[in-house]
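*Asks:* Below you'll find the structure I mean.
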Amino acid sequence: MQTIPTPPNFRAIRPEELTTLLGLYRHLHPSDPELPVGPDLEELWQRIYPNPQLHYLVAEVGDALVSTCTLTIIPNLTRSARPYGLIENVVTHPDFRRQGIATALLRFALQLAWTEGCYKVMLLTSRKDPATLRFYEQAGFQAGVKTGFIATP
């Protein structure tokens, strides 16, 4: 574990940081095949990046991106037409874990969602270990409020 010399900076990712983001994702699902950056992936990123409902957020320590999450703002016709948020793909580089960086990043994401008028933010995790669940609770999420179901092809 590296001790961070300065407080992290929380911000939206920049378009030129796709390769760095993909490097962080290698720590999220290590068994997934590596995505090569090529024309197809660049084209996908060019559709994702400018979308105002998709927020790829990062924690930066020095000049390194060490943690990320994705906040999606979903328009809604209930709850007085207020949107809701969904957070996915939360990952921190192993060298920077257990220092509060991801907790602060998730709080940053929640603040952005509240600023966007969201009436709730949901987060899904496939992790079941108590330490990870406590981590999400400490970041401001509550387990057991709703039941989530996942369908895969």
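*Asks:* Would you point out which residue out of P30, P52, P7, P36 is closer than 19 Å to L86 by Cα, open to solvent by 30 Å² or more (accessible area, probe 1.4 Å) and in a loop (DSSP other than H, G, I, E, B)?
*Replies:* Numbers: P30 fails: closer than 19 Å to L86 by Cα; P7 fails: closer than 19 Å to L86 by Cα; P36 fails: closer than 19 Å to L86 by Cα.
Exactly one residue qualifies, and that residue is P52.
*Asks:* Give the residues of the range 98-126 that are modelled with pLDDT under 95, farther than 15 Å from N9 by Cβ and over 15 Å from the mean Cα position of the chain (by Cα), sorted by residue number.
*Replies:* Across the range 98-126, the qualifying residue is only R98.
The values are calculated or read from the model by the stated rules, or taken from the named source; none is laboratory data. Computed from a prediction, not measured in an experiment: that's the story for all the values here. Positions of Cβ are generated from backbone atoms using ideal geometry, with glycine treated the same way; all protein chains shown enter the neighbour counts. All accessible areas refer to the heavy atoms of the entire protein, side chains included, with ligands and DNA or RNA removed. Shrake-Rupley method; radii C 1.70, N 1.55, O 1.52, S 1.80 Å.
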